[in-house]
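Participant: Have a look at this one.
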There are 4 protein chains.
Amino acid sequence: MKKEIGHKVWAIAEGYIPSYGNGPEPAFTSHETACILNTSEQDAHIEIFIYFEDREPVGPYKVTVPAKRTKHLRFNDLQDPEPIPRDTDYASTITSDVPVVVQHTRLDSRQAENALISTLAYPVIN
Amino acid sequence: MKKEIGHKVWAIAEGYIPSYGNGPEPAFTSHETACILNTSEQDAHIEIFIYFEDREPVGPYKVTVPAKRTKHLRFNDLQDPEPIPRDTDYASTITSDVPVVVQHTRLDSRQAENALISTLAYPVIN
Amino acid sequence: MKKEIGHKVWAIAEGYIPSYGNGPEPAFTSHETACILNTSEQDAHIEIFIYFEDREPVGPYKVTVPAKRTKHLRFNDLQDPEPIPRDTDYASTITSDVPVVVQHTRLDSRQAENALISTLAYPVIN
Amino acid sequence: MKKEIGHKVWAIAEGYIPSYGNGPEPAFTSHETACILNTSEQDAHIEIFIYFEDREPVGPYKVTVPAKRTKHLRFNDLQDPEPIPRDTDYASTITSDVPVVVQHTRLDSRQAENALISTLAYPVIN
C-alpha cells in the first residue's frame with residue numbers, strides 16, 4: 001500500500017483513568033488507550049502532550065511505533081516526564097513525524113461489569 | 001505546538017440526561033459531558049445552544065476554557081439561562097472564538113452497571 | 001447562528017435491532033436511533049434507505065425534522081414502506097434537503113444490564 | 001441515489017478479539033466487526049490487511065460486498081491467509097475498488113454482561 005494513511009497531528013479531548021477496577025489484571029484494569037497504526041515504511045516518532053483543567057500541559061511523552069506496526073498505548077503506562085494522575089480529567093495531543101491513525105478506547109471496570117468506549121481521535125488536517 | 005488544533009463550531013446530535021442513576025455520586029451520576037480541549041494560547045469563550053424536539057432552542061450557555069486547558073463540561077451542571085430537562089431528547093451546538101476539539105461522552109447509570117458512550121462531536125468546517 | 005451546520009447525505013454502516021430486551025419499556029427496549037439535528041431555518045425533509053446483506057434496499061422512509069429542532073428517530077418505529085426486520089444486519093443512508101447532523105446510537109438490553117454505543121454517522125461531502 | 005458514498009481506503013487502529021465470552025453463541029460470542037456498506041451499482045472487491053505490534057502485516061484477506069448491499073464482517077471469521085490470533089492487539093486497513101462506508105464494532109462478552117463499542121472507521125481521502 002503506497003498511499004499515505006493518516007495524519008501527523010491528532011487530539012483526544014476526553015481522558016480519565018479511574019483509580020480502581022475489578023476483574024483479573026491487567027486485562028480488566030481500568031485503562032485508557034490510544035491505538036496507533038503506522039502503515040508507513042518509516043518508524044513513527046510520537047510525542048504526546050497531556051492537558052489538564054487547572055495546570056500547565058505536561059510532555060512530551062515519547063513513543064516509537066515501528067514501520068508497518070500498530071501500538072495500543074495505555075496512558076496508564078506513561079511514566080516520563082511523570083505518571084498521569086488517576087481520577088483526573090485530562091485531554092491529549094498526539095503528534096508524529098509520519099502519518100498515523102489514532103483511535104481512543106477506555107475500559108472502565110469500576111463496577112462488576114466493565115464498560116467500554118471507543119472513538120476515532122480528532123485528525124488535524126496536515 | 002504552534003499549529004491550530006480544532007474547529008470553532010461543533011454539533012452533537014445526541015443528548016439525553018436520565019433522571020436517575022445508581023452508584024456513588026457524583027462519579028456515577030448519570031451524565032452527559034462535552035469534553036473540550038483548547039490547545040491555543042488564548043482563552044476560548046464558548047457558547048452552547050440546546051435544541052429540542054418540540055420547542056425553541058435555548059441559549060447561549062457561556063463557558064470559558066482557559067488557554068492550554070481542557071474542560072469536561074457536564075450538561076447536567078448548566079443552569080443559565082435554564083437547567084436542561086431530564087429524560088428529554090436534545091441536541092447541541094458549541095461555538096468558540098478560538099479553535100477547540102470537542103468529544104461527547106455519556107455515563108448511563110440507570111441500571112446496576114453503568115454504560116458508557118463516547119464519540120467525536122461533529123466539526124463544522126471553519 | 002447563520003452558518004450552515006451539517007451535510008445533506010449521511011451513511012450508517014452498522015445496524016441491528018435485537019428482537020428482545022430487558023427493563024421497563026420503552027426506555028429500555030433494545031433500539032437503534034438516528035439522532036438528527038436541523039439547525040437551519042427550514043424544515044428538513046429526510047429520506048432513509050435501508051440496505052441488507054441479501055436483498056434489495058428498502059425505502060424511502062420519509063421523516064420531517066422541523067426548523068431548529070432535533071429528532072431522535074428510532075429505526076424500530078419505521079413502518080412505511082415496511083418495518084425493519086429484527087435480528088438482521090442492515091445499514092442505512094440518510095438524505096436531507098437542508099444540511100443536518102446525524103449521530104447513531106444503539107441501546108442493547110438483551111442482557112440484564114444495558115449496553116450503549118454511539119458514533120457520528122458518516123458525512124458525505126456535499 | 002446517484003452520488004458516490006464513501007471512500008476506497010479505510011483504517012481501524014483498534015483491534016482485539018477476546019478468546020472467550022459468555023452468553024448464547026454466535027450472537028454473544030466476543031467479536032470484532034467491520035460493517036461495510038456498498039451503495040454503488042458495482043460489487044466491491046475488498047482487501048483487508050492486519051497489522052500487529054511485533055510482526056509483519058498479514059493479508060490480503062479478500063471479501064466481496066455485492067452492489068447495493070451491506071456486509072457485517074466478523075474478523076473472527078477471517079481464515080485465509082490465516083486466522084487472526086485471539087487476545088492480541090491488532091489494527092487493520094480496508095481497501096475497496098469502489099467507494100464504501102466502514103464502521104467498527106466490538107462485542108465484548110468476557111463478563112456476564114456484554115459491552116459494546118462502535119465508531120466510524122478512519123476514511124482516507126480518495
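What follows is calculated from the coordinates using simple rules that are stated; it is not laboratory data. It should be emphasised that the depicted structure is a prediction, and the values quoted were computed from it without experimental measurement. Here the Cβ is made from the backbone with ideal geometry for all residues, glycine too, and neighbour counts use every protein chain on show.
Participant: I'd like the Karplus ³J(HN,Hα) series for region B:71-83: coefficients 6.51, -1.76, 1.60, θ = phi - 60°, whole numbers in Hz, and an x wherever there's a Gly or Pro.
Facilitator: Once rounded to whole Hz, the list reads 9, 9, 8, 7, 4, 3, 8, 5, 10, 10, x, 6, x.
Participant: Work out the mean other chain Cβ neighbour count within 10 Å for the residues of C:48-55 and drop it here as an integer. Walk me through the intermediate numbers first.
Facilitator: Working: counts 0, 3, 1, 8, 3, 6, 4, 2.
If you average over the peptide's residues, the count of other-chain Cβ atoms is 3.
Participant: Sticking with this structure for a sec: On a full-extension model of 0.36 nm per residue, what is the gain between A:Glu53 and A:Glu41, subtracting their alpha-carbon distance, rounded to one decimal in nm?
Facilitator: Length gained between A:Glu53 and A:Glu41: 0.6 nm.
Participant: Amide H of D:Val98 versus every other amide H placed in the peptide plane: which residues, excluding those fewer than 5 positions away on the same chain, fall under 5 Å?
Facilitator: Here the answer is D:His45, since their amide H atoms fall under 5 Å of that of D:Val98.
Participant: Continuing with this model, one more query. State, to one decimal in nm and shortest first, how far the label point of B:Glu4 sits from each corresponding label point in the other identical copies (label point: 7 angstrom along Cα-to-Cβ).
Facilitator: 2.1, 2.1, 2.9
Participant: Compute the Cα gyration tensor for region D:54-111, then decide on rounded, prolate or oblate, letting a ≥ b ≥ c be the square roots of its eigenvalues: rounded whenever a/c is under 1.5, prolate when a/b is larger than b/c in the other cases, and oblate in all that remain.
Facilitator: Oblate shape, in that a/c is at least 1.5 and b/c is the bigger or equal ratio.
Participant: If you don't mind, there's one more thing I want to ask. Using the Karplus equation 6.51 cos²θ - 1.76 cosθ + 1.60 (θ = phi - 60°), what ³J(HN,Hα) coupling, rounded to whole Hz, does each residue of region C:91-106 give in order, writing x for Gly and Pro?
Facilitator: Listing the rounded values in order: 9, 8, 10, 10, 10, 9, 7, 10, x, 9, 10, 10, 10, 10, 9, 10 Hz.
Participant: Continuing with this model, one more query. Amide H to amide H, which residues 5 or more places from A:Leu73 or on other chains are under 5 Å from it, using H placed in the peptide plane?
Facilitator: Correct list: A:Ala34, A:Cys35, A:Ile36.
Participant: What gaps in nm, shortest first, separate B:Pro66 from its twins in the other copies when you place the label 7 Å past Cα toward the beta carbon?
Facilitator: List, nearest first: 4.3, 4.3, 6.1 nm.
Participant: For C:Lys3, go through the lysines and keep the ones whose alpha-carbon is under 18 Å away, minus same-chain ones fewer than eight residues off.
Facilitator: Hits, sequence-local ones excluded: B:Lys8, C:Lys68.
Participant: So, one more: Under the rule of at least 5 residues apart or a separate chain, name every residue whose amide H is placed under 5 Å from the amide H of B:Thr88.
Facilitator: B:Ile17
Participant: Okay, next question. Taking D:Arg86 in one copy and the same position in all the others, each labelled 7 Å out along Cα→Cβ, what are the pairwise distances from the first, in nm, shortest first?
Facilitator: Label point to label point, same position, other copies: 3.0, 3.0, 4.2 nm.
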